[in-house]
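Asks: Sharing a structure below in structure tokens format, with a few things to ask.
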Amino acid sequence: MKHILLLILICCSIIAVNIAGFAKQSFAGNIDPDGDNSLYAFGENIGWVNFDPSIGPGVTVTDSAVTGLAWGENAGWIKLDPTNGGVTNDGSGNLSGYAWGENIGWISFSCENTISCATVDYGVTIDPATGVFEGDAWAENVGWIRFKSTGAATFGVKTSWGGGQSSDTDGDGLTDALESGYCTDSNDADTDDDGILDGVEDANQNGLVDAGETDPCDIDSENDGLQDGTELGYSLADIGTDTDTGVFLPDLDPTSTTSAIDNDSDNDGLLDGQEDTNYNGRVDSGEHDPNVKAPTYGASGKWKFVAYNAWTDCPESIPDSWTGMFTFTQTGNSISGTDSYGVTHSGTVILDTYTITTDYPESGGTTTETHTLTLESNTSGTGTSSWDWTDGVFSCSGGHEVLFTKQNNAMPWIPLLLLND
């Protein structure tokens, strides 16, 4: 009994090893591209042969070969590219060479393999226009395997390959056949020199500029003044050899990007290229950030502040109100200001809200002032003025609500009353 069990285990091991050589993790080939079961050939003595089985690598047709594994319901695995054989494609769909069936031996795909065409003319071809297999193969031990029905029963094998259509000379992700009827160049991976491969711009590789795609033939797809690659953060380190560096403008700040399909990324009414005026992808001095809505009003000039409704948690009381002056200079989305004591404040602008801060030593510690102001017109606005003081051990804070109005330059300077002074 032990000997019988041992024999069974040995046999099972041998079978498992053999199957392992054929049955592998499933990968997609290019058979049955339409999903309509165009994946079966029929053997006169072995029944159905599946060229897109649910396990194994499937079968892939290229310009030069047919590779992978087919599965015969009564024949087991059939390898199209065995070590000592292989099915070849002449690029026009004329197949030749041999496949190997683990249980049925060699399968010839052309009578020219044995120079027997004068006696029996047979072979398998693929129509380059449709990808449909035609004809018969000859299996030395099981006879004919037909690839397309000629009778009442409908069956056949079809591939997405079609006469040179899988070639991609420039390696941009678009086939030469597609590019031959498209605006792109099959010998230039970046036709418009914006830094982005043509096949990345035409993401679904269908030869059309669809929603969500940039145009591989237009360096500035949405006409905002910025190159597509610059907007998407492409630097010199990201481009290929086909991109002309004399044309391409690299992004000098790839950490920030804008939309290459929306010419006004922040919807502030200004084109991205009107905000990034030197078109380099970086927010430089004097520029607006194209990702931040530009302010409606300008804050540059002299402003009178009226503070009221004081609050504080410090032990010392503060005036319930104060009046003071600031002189602001706004450059794009940046702002700075100087008060009557010569203390400089600086900050940022988001839409019409200005946040400016400063730190200065006071009463043995450090005070941080923050003014958050919203312009409601070119000459007035409201906001808050707050401060935090600490000496590293003790801390307290306070603030006011603020009204502010723009002053004529001829107005006299009114000193700013500093809190806790």
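The values are calculated or read from the model by the stated rules, or taken from the named source; none is laboratory data. Here the structure is a predicted model, which means the values were calculated and not measured. So basically every Cβ, Gly included, is an ideal-geometry build from the backbone, and we count neighbours across all protein chains shown.
Asks: Could you go through the stretch 73-90 and let me know if any residue there is touching a Pro at 6+ places or on another chain (Cβ under 8 Å), under 21 Å from D34 (Cβ atoms) and either without any contact (Cβ under 8 Å) to a residue 12 or more places away in the chain or not β-branched (V, I, T) (or both). Working first, answer last.
Replies: Within the stretch 73-90, the first condition is being touching a Pro at 6+ places or on another chain (Cβ under 8 Å), and the residues that meet it are none.
No.
Asks: Inside the stretch 49-58, can you point out the residues that are modelled with pLDDT of 95 or more and either exposed (fewer than 15 other Cβ atoms within 10 Å of the Cβ) or assigned to a strand (DSSP E or B) (or both)?
Replies: Of everything in the stretch 49-58, those that are modelled with pLDDT of 95 or more and either exposed (fewer than 15 other Cβ atoms within 10 Å of the Cβ) or assigned to a strand (DSSP E or B) (or both) turn out to be V49, N50.
Asks: So, one more: I need the full set of residues from the stretch 323-337 which are surrounded by fewer than 19 Cβ atoms within 10 Å (Cβ to Cβ) and either outside the structural domain of H400 (by TED's automatic domain parsing) or under 19 Å from H400 (Cα atoms) (or both), in order please.
Replies: T323
Asks: A further question follows. Looking only at the stretch 200-231, which residues are closer than 16 Å to S265 by Cβ, in contact with a helix residue (DSSP H, G or I) (Cβ under 9 Å, 6 or more places away or on another chain), in a loop (DSSP other than H, G, I, E, B) and not β-branched (V, I, T)? Steps first, answer last, please.
Replies: To start, the set of residues in the stretch 200-231 that are closer than 16 Å to S265 by Cβ comprises 212, 214, 220-231.
Applying the additional criterion that residues be in contact with a helix residue (DSSP H, G or I) (Cβ under 9 Å, 6 or more places away or on another chain) yields 214, 220-226, 228-229, 231.
Of the ones still in play, those that are also in a loop (DSSP other than H, G, I, E, B) are 214, 220-226.
Selection gives D220, S221, E222, N223, D224, G225, L226.
Asks: While we're on this one: Could you please find all residues in the stretch 262-278 being closer than 24 Å to D190 by Cβ and surrounded by fewer than 17 Cβ atoms within 10 Å (Cβ to Cβ)?
Replies: Correct list: D262, N278.
Asks: Do we have any residue at all in the stretch 379-397 that's within 18 Å of K302 (Cβ to Cβ), modelled with pLDDT under 90 and assigned to a strand (DSSP E or B)?
Replies: no
Asks: Separate question: Which number in (1) of a type outside the set (D, E, K, R); (2) surrounded by 17 or more Cβ atoms within 10 Å (Cβ to Cβ); (3) under 22 Å from P33 (Cβ atoms); (4) touching a Pro at 6+ places or on another chain (Cβ under 9 Å) marks the one condition that S160 misses?
Replies: With (1) of a type outside the set (D, E, K, R); (2) surrounded by 17 or more Cβ atoms within 10 Å (Cβ to Cβ); (3) under 22 Å from P33 (Cβ atoms); (4) touching a Pro at 6+ places or on another chain (Cβ under 9 Å) applied to S160, the lone miss is (2).
Asks: Being among the small types (G, A, S) and outside any strand (DSSP E or B) is the filter here; which residues of the stretch 289-317 pass it? Spell out the reasoning first.
Replies: Within the stretch 289-317, the first condition is being among the small types (G, A, S), and the residues that meet it are 294, 298-301, 307, 310, 317.
Those that are among the small types (G, A, S) and outside any strand (DSSP E or B): A294, G298, A299, S300, S317.
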